[in-house]
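Visitor: Here it is: the structure, laid out below.
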Amino acid sequence: MKLERIEVRALRLGLRHPFETSVGRTTVKDLLLVAASAGGVTGYGECVADANPYYLPETLGTAHHVLRDFLAPLAFAADVGHPRELHAALSRIRGHEMAKAALEMAVWELEARRRAVPLHALLGGRGGTIAAGVSIGLQRDEAALVDRVASELAAGYRRVKIKIKPGQDRDLVRAVRGRFPRLPLMVDANSAYTLADVPLFRDMDEWDLTMVEQPLGWDDMVDHAALQREIRTAVCLDESIHSPDDARRAIDLGACRVVNVKAGRVGGFARSIALHDVCRARGVPVWCGGMLETGIGRLANVHLQTLPGFTLPGDTSASARHFEEDLVDPPVVVSPEGTIRVPEGPGIGHEIVWPRVERATTFREEWRP
Ligand code: OSB
Ligand code: MG
């Protein structure tokens, strides 16, 4: 396959509720939408880099620069037989996983549309449903958090993740656990703590959390291994894992017992599949994280988590959780049983609503070989 055209659009959409974590508060969703075309067919990939480098070092600006000046020329020069080969063709570029992933995922989507198969079939997954989970940001106080958890449970979700940060940790967990004693509950710290906080995480062992996500440094594995030795609760890594090799090292070091897979963070679908395989071979469960994606990236996540190693519900929620009007039709919905149906149409499987994309577009550029 020879790519004939790559287009990037910068989009801006309002979020229904601000999303606050230990690294900051997001009120609008900025993203790049990448389109890749070959043989008259176009596929789409959503770049999950944020406007700022607070979660990980990449930004929308670096992603645009690296796509335009480095990735697009390499992709045009490559003649990939299967989308799984594209990542290797981009390997001269170090890092910039989110930029690579957006392009690579667009090429997978393009190939699925060319074959008229759903993305999950091309990825090696299955149809049916996936278990939905929800990630809840920091709220004004414990009462507001407990209310949010209650309303998400009423919406169908069966697993809840709450964000914590220093000063907003024990009280939040105690309040939610007190009200929902049997709920599968976990916390995500987005790297807000250090090994000086081992006593806090020892205390957390009491609350039967399914796991604690990325408590320590975003680029650390050694301290996470030290923490995991001190606590019963499973550590899950998010920010620290950028490749299948990272997952292997983390598991072998004892730095985690669960891995969060975000295709954007690890360079795309091919590496997500390889990472999933590494974890599965070691008996480590994985689940699919989220980056406040629009329906385009959200559906990519739905298809990815049909692989057999995704044995835990992830952060994939309904379109309506973050957006008044999503970019896809129908929107992604969660059933009263807390599941999301895996689409069977070609590619992501839902239509993109172009008038909404146009309205959200702040900038557009296209490149050819
Ligand atoms: O750490 O998992 C995270 C959102 C943006 C940046 C980082 C994270 C998150 C989430 C997922 O928690 C929220 C979602 O997509 O609904
Ligand atoms: Mg996380």
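The values are calculated or read from the model by the stated rules, or taken from the named source; none is laboratory data. For clarity, every value in this text was computed on a predicted model and none was experimentally measured. Here the Cβ positions follow ideal geometry from the backbone for every residue, glycine too, while neighbour counts run over all protein chains shown. Areas reflect the complete protein model, heavy atoms only, side chains present, ligands, DNA and RNA absent. Shrake-Rupley method; radii C 1.70, N 1.55, O 1.52, S 1.80 Å.
Visitor: Confirm whether Glu206 is among the charged types (D, E, K, R) and away from ligand 2 (no atom under 16 Å from the Cβ).
Guide: Here the answer is yes, as Glu206 does meet what is asked.
To keep it simple, each residue is scored yes or no on (1) crowded, with 17+ Cβ neighbours inside 10 Å; (2) within 16 Å of ligand 1 (Cβ to nearest atom); (3) outside any helix (DSSP H, G or I).
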{"position": "Glu239", "(1), (2), (3)": "yes, yes, yes"}
{"position": "Ile251", "(1), (2), (3)": "yes, no, no"}
{"position": "Val259", "(1), (2), (3)": "yes, yes, yes"}
{"position": "Ser272", "(1), (2), (3)": "yes, yes, no"}
{"position": "Val278", "(1), (2), (3)": "yes, no, no"}
{"position": "Trp287", "(1), (2), (3)": "yes, yes, yes"}
{"position": "Leu292", "(1), (2), (3)": "yes, yes, yes"}
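Visitor: Restricting to segment 306-338, and then to whatever is within 16 Å of ligand 2 (Cβ to nearest atom) and open to solvent by less than 10 Å² (accessible area, probe 1.4 Å), can you tell me which residue is farthest from Leu13 (Cα to Cα)?
Guide: Gly314
Visitor: Take the residues of segment 279-335 that are more than 14 Å from the chain's Cα centre (by Cα) and of a type in the set (Lys, Arg): which is nearest to Gly24 (Cα to Cα)?
Guide: Arg321
Visitor: Would you mention how many residues in segment 234-250 are polar (S, T, N, Q) and within 12 Å of ligand 2 (Cβ to nearest atom)?
Guide: Start the filter on segment 234-250 by keeping residues that are polar (S, T, N, Q), which leaves 240, 243.
Pick out the ones that are also within 12 Å of ligand 2 (Cβ to nearest atom) and you get 240.
Summing the residues that are polar (S, T, N, Q) and within 12 Å of ligand 2 (Cβ to nearest atom) in segment 234-250 gives 1.
Visitor: I need the full set of residues from segment 128-167 which are among the β-branched types (Val, Ile, Thr) and either within 16 Å of ligand 1 (Cβ to nearest atom) or under 19 Å from the mean Cα position of the chain (by Cα) (or both), in order please.
Guide: Taking segment 128-167 first, the residues among the β-branched types (Val, Ile, Thr) are 129-130, 134, 136, 146, 149, 160, 162, 164.
Passing the criteria: Thr129, Ile130, Val134, Ile136, Val149, Val160, Ile162, Ile164.
Visitor: Moving on to the next point. Do you know which residues across segment 168-194 are closer than 14 Å to Met204 by Cβ and of a type in the set (Phe, Trp, Tyr)?
Guide: Once the filter is applied, which keeps residues that are closer than 14 Å to Met204 by Cβ and of a type in the set (Phe, Trp, Tyr), segment 168-194 yields only Tyr193.
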